[in-house]
Amino acid sequence: MKILIADDEPGILDALKFVLTGERHEVVLAHDGDEALQAFQQHQDLDLIILDINMPALSGLEVLNRIRKTDKEIKIILLTVRDGLADQVSGYDAQADYYLTKPFDHDILLAYIRACAKKKR
């Protein structure tokens with residue numbers, strides 16, 4: 001799968017890139033919401049997007065809302081420190097496929113990615 005990861009924490013980006021490339025995924029990185037939206041527009045062959053909510057420029061929710069205006073099919077996982085029930089409901093109301101809170105276990109994220117791949121078929 002070709003996966004866009006958008007997070008403003010370099011350590012998270014590096015760790016996810018390492019894990020996902022080790023699982024034979026192609027990875028595109030974005031450091032803020034603007035970069036995420038640009039990467040989405042430039043890479044028309046993306047299979048999945050992993051978005052942090054708290055990012056500079058555009059929030060992950062704003063990026064999600066803008067993407068859903070043009071693409072209802074791409075799978076999106078929100079990966080965030082926001083762990084409140086209202087935050088999770090907002091994420092799902094914005095049409096996220098999964099909502100995972102930090103800190104997170106890589107095995108759970110990989111399970112979500114596999115589930116997204118099955119839904120895509």
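The values are calculated or read from the model by the stated rules, or taken from the named source; none is laboratory data. Fair warning: this is a prediction, and the values are worked out from it, not measured in the lab. Quick reminder, even Gly has a Cβ in these numbers, built from the backbone with ideal geometry, and neighbours come from all protein chains shown.
Go through segment 65-79 residue by residue and tally those that are surrounded by 13 or more Cβ atoms within 10 Å (Cβ to Cβ) and part of a helix (DSSP H, G or I).
4
Among the numbered criteria (1) among the basic types (K, R); (2) closer than 14 Å to I3 by Cα; (3) assigned to a loop (DSSP other than H, G, I, E, B), which one does R82 miss?
(2)
If we scan segment 83-94, do we find a residue that is within 17 Å of L109 (Cβ to Cβ), surrounded by 17 or more Cβ atoms within 10 Å (Cβ to Cβ), at pLDDT 95 or above and in contact with a strand residue (DSSP E or B) (Cβ under 8 Å, 6 or more places away or on another chain)?
No, segment 83-94 contains no residue that is within 17 Å of L109 (Cβ to Cβ), surrounded by 17 or more Cβ atoms within 10 Å (Cβ to Cβ), at pLDDT 95 or above and in contact with a strand residue (DSSP E or B) (Cβ under 8 Å, 6 or more places away or on another chain).
Condition first: among the hydrophobic types (A, V, I, L, M, F, W, C) and loosely packed, with under 14 Cβ neighbours inside 10 Å. Now tell me which residues in segment 105-121 satisfy that.
I108, A111 - these are the residues of segment 105-121 that are among the hydrophobic types (A, V, I, L, M, F, W, C) and loosely packed, with under 14 Cβ neighbours inside 10 Å.
Quick check on my filter: what residues within segment 19-33 are out of contact with any helix residue (DSSP H, G or I) (no Cβ under 9 Å at 6 or more places or on another chain) and either crowded, with 17+ Cβ neighbours inside 10 Å or outside any loop (DSSP other than H, G, I, E, B) (or both)?
Residues satisfying the conditions are T21, G22, D32.
For the structure I just gave you, tell me whether G22 is without any contact (Cβ under 8 Å) to a residue 12 or more places away in the chain, more than 14 Å from C116 (Cβ to Cβ) and small (G, A, S).
Judged against the criteria, G22 is a match.
For I53, indicate whether it is part of a loop (DSSP other than H, G, I, E, B), of a type in the set (A, V, I, L, M, F, W, C) and under 11 Å from the mean Cα position of the chain (by Cα).
yes
Go through (1) modelled with pLDDT under 95; (2) crowded, with 17+ Cβ neighbours inside 10 Å; (3) farther than 10 Å from A6 by Cβ; (4) not acidic (D, E) and name the single condition M55 misses.
For M55, the failing item is (3).
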